[in-house]
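The values are calculated or read from the model by the stated rules, or taken from the named source; none is laboratory data. Since the model is a prediction, treat every value here as computed from it, not as a measurement. A quick note on method: Cβ atoms are made from the backbone with ideal geometry, for glycine too, and the neighbour counts reach across all protein chains shown. Heavy atoms of the whole protein, side chains included, go into the accessibility calculation; ligands, DNA and RNA do not. Shrake-Rupley method; radii C 1.70, N 1.55, O 1.52, S 1.80 Å.
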Amino acid sequence: QVQLVESGGDLVQAGDSLRLSCAASGSIDSISAMAWYRQAPGKQRELVAHVPVTGPTNYADSVKGRFTIWTDNPKKMGYLQMNSLKPEATAVYYCYARLKGTFATGYSPYWGQGPQVTVSS
């Protein structure tokens, strides 16, 4: 069974840094893209950063220059480094991966459980 398990959520102060990790486990043939989304209370889920295996990395305008996404494909890991955090970054952060399981016929989306990131002012 394929799973995405995140870690790194925490309560931090404005200006602090935090790194989120996402581990893909199970029988996986390949990952075509990973991304991080977030959902603040009362708001819709929004894309924070997206990194395909091939193609450019994309960031939400609100995090450009402060957040960095990358993957370690052999280890099936994804990361989101968040610097100079602001209170408006407070949200549940979800790891997303588009991947092909060993027994699947094609690529499908998978989501992690979503750790809480809280930034106090």
Open item on the list: One residue is enough: does region 95-108 have a residue meeting the conditions under 28 Å from VAL119 (Cα atoms), among the charged types (D, E, K, R) and at pLDDT 95 or above?
Closed with: no
Open item on the list: Every residue in region 46-56 that is open to solvent by 60 Å² or more (accessible area, probe 1.4 Å) and over 14 Å from GLU88 (Cα atoms), please.
Closed with: LEU47, VAL53, THR54, PRO56
- [ ] Tell me, please, whether a residue that is under 14 Å from the mean Cα position of the chain (by Cα), under 16 Å from GLY8 (Cβ atoms) and not acidic (Asp, Glu) can be found in region 98-106.
- [x] no
- [ ] Return the residue satisfying two criteria in turn: it lies in region 5-25 and is among the polar types (S, T, N, Q) and within 15 Å of PRO115 (Cβ to Cβ), and of such residues it is surrounded by the fewest Cβ atoms within 10 Å (Cβ to Cβ).
- [x] SER7
TODO: Tell me which residues, restricted to region 57-68, are polar (S, T, N, Q) and surrounded by fewer than 15 Cβ atoms within 10 Å (Cβ to Cβ).
DONE: THR57, ASN58, SER62
- [ ] Under 6 Å between Cβ atoms, at least 6 apart or on separate chains: pull out the pairs that start in region 97-120 with a residue that is among the aliphatic types (A, V, I, L, M) and end on any residue that is open to solvent by 40 Å² or more (accessible area, probe 1.4 Å).
- [x] ALA97/TYR110; VAL119/ALA14; VAL119/PRO87
Open item on the list: So for region 26-39 (the condition being free of Cβ contacts under 8 Å to residues at least 40 places away in the same chain and either open to solvent by 50 Å² or more (accessible area, probe 1.4 Å) or not polar (S, T, N, Q) (or both)), does at least one residue qualify?
Closed with: no
Open item on the list: On the basis of being over 23 Å from GLN3 (Cα atoms), surrounded by 16 or more Cβ atoms within 10 Å (Cβ to Cβ), within 15 Å of the chain's Cα centre (by Cα) and touching a residue at least 40 places away in the same chain (Cβ under 8 Å), does THR71 make the cut?
Closed with: no
Open item on the list: Return the residues of region 72-114 that are of a type in the set (Phe, Trp, Tyr) and more than 21 Å from PRO52 (Cβ to Cβ); say none if nothing qualifies.
Closed with: PHE103
